[in-house]
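**Student:** Quick one: structure below, then a few questions.
The values are calculated or read from the model by the stated rules, or taken from the named source; none is laboratory data. Keep in mind that this is a model prediction, so the values were computed, not measured. Counting neighbours? That spans all protein chains shown, and the Cβs are built from the backbone with ideal geometry, glycine included. Areas reflect the complete protein model, heavy atoms only, side chains present, ligands, DNA and RNA absent. Shrake-Rupley method; radii C 1.70, N 1.55, O 1.52, S 1.80 Å.
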Amino acid sequence: MRSFWRTLDAALLRDIALVCLAVGVIGLSYGAIAVTSGFAWWFPVLMGALVLAASSEFLFVGIIAAGGSPIAALLAGLLVNARHLPFGLAVPDVLGRGWRGALGTHLMNDETVVFAIAQDEPERRRAAYWLCGLGILVCWPVGAALGALLGSVVRDTDALGLDAMFPAVIVALILPAMKERTLPRTTLAGAGLALAVTPFLPAGLPVLIALAALPLFTVKAKEGALR
């Protein structure tokens with residue numbers, strides 16, 4: 001077990017810590033928004049631990065707060081989380097079996113999958129996935145709890161700008177990968193698709209639409225390999 005965690009170097013540990021910190025800060029915003037929308041303080045904390053999917057939780061709270069039905073909110077959340085299906089196909093080797101497999105599946109999200117697939121060695125993939133996943137499992141509900149307390153004091157949570165920290169950290173993490181010649185084109189295409197549909201779709205769904213640009217990366221990568 002000790003050798004398992006030793007596969008993570010200082011740079012990777014720092015990146016994982018930054019992402020978990022950013023998730024905790026977004027949890028502050030989530031908890032505060034939920035409480036100011038009329039939910040009990042314990043609701044975002046319980047959702048954070050059991051669902052562990054920020055976009056679907058934000059969407060659920062937003063739909064209920066706007067007067068939508070719980071069934072509609074639940075279906076919307078499930079649709080947003082449909083991206084976990086290809087996630088599972090991308091990292092089947094890191095999840096484990098039995099109760100570990102169940103916990104590993106629960107920890108699956110955008111951040112854990114990104115860290116896992118970015119590693120070359122199997123041991124590093126598993127270590128990065130589990131460390132990031134367990135970190136988020138702690139930071140997200142704790143952030144939601146602190147946000148719930150904050151929401152009882154500060155009513156205008158948008159004025160704090162907490163939601164800007166998470167995307168800023170993600171951009172900083174993916175910039176080094178832009179050295180790959182075919183990746184910037186795919187990234188720009190996916191971003192363009194997401195921006196085009198953002199005014200018309202609920203939060204979280206534009207990310208799914210952006211995945212339509214992935215075949216472009218595959219085609220370009222094959223062309224580069226043939227050369």
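**Student:** Compute the whole-percent fraction of alpha carbon pairs in the range 77-157 spaced more than 20 Å apart.
**Tutor:** 42
**Student:** In addition: Going by average Cβ density within 10 Å per residue, which order do the peptides 84-92, 46-54 take, highest to lowest?
**Tutor:** Per-residue Cβ counts within 10 Å, averaged per peptide and sorted highest first, yield 46-54, 84-92.
**Student:** Need one number: nm distance between label points at Ile209 and Leu183, each 7 Å from Cα along Cα→Cβ, rounded to one decimal.
**Tutor:** 2.5
**Student:** If you plug each phi of the range 58-67 into the Karplus form 6.51 cos²θ - 1.76 cosθ + 1.60 with θ = phi - 60°, what whole-Hz ³J(HN,Hα) values come out, in order, with x for Gly and Pro?
**Tutor:** 4, 5, 4, 4, x, 5, 5, 5, 7, x
**Student:** Can you compute the modelled spin-label distance between Arg14 and Ala196, with each label point 7 Å from Cα toward Cβ, in nm?
**Tutor:** 3.9
**Student:** State the dimensionless ratio Rg/Rh of the range 1-83 (Rg: radius of gyration of Cα atoms; Rh: Kirkwood radius). Mind dumping the intermediate values first?
**Tutor:** Numbers: Rg = 16.2 Å, Rh = 14.5 Å.
When Rh is taken as the Kirkwood radius, the ratio is 1.12.
**Student:** Something else: Dividing the alpha-carbon radius of gyration of the range 1-142 by 2.2 N^0.38 Å (N being the number of residues), what value is obtained?
**Tutor:** Cα Rg divided by the expected 2.2 N^0.38 Å: 1.11.
**Student:** Separate question: What FRET efficiency do you get for Ala66 and Arg97 if R0 is 41 Å and r is their Cβ-Cβ distance, rounded to the nearest 0.05?
**Tutor:** Between Ala66 and Arg97 the formula returns 0.50.
**Student:** How much of Trp130 can a 1.4 Å solvent probe reach, expressed as accessible area in Å² and rounded to 10?
**Tutor:** 40
**Student:** Pop the C-beta distance of Leu85 and Val153 into the FRET formula with R0 = 30 Å and round what comes out to the nearest 0.05. Don't skip to the end; give the middle numbers.
**Tutor:** Numbers: r = 40 Å, r/R0 = 1.33.
Given R0 = 30 Å and the Cβ-Cβ separation, E is 0.15.
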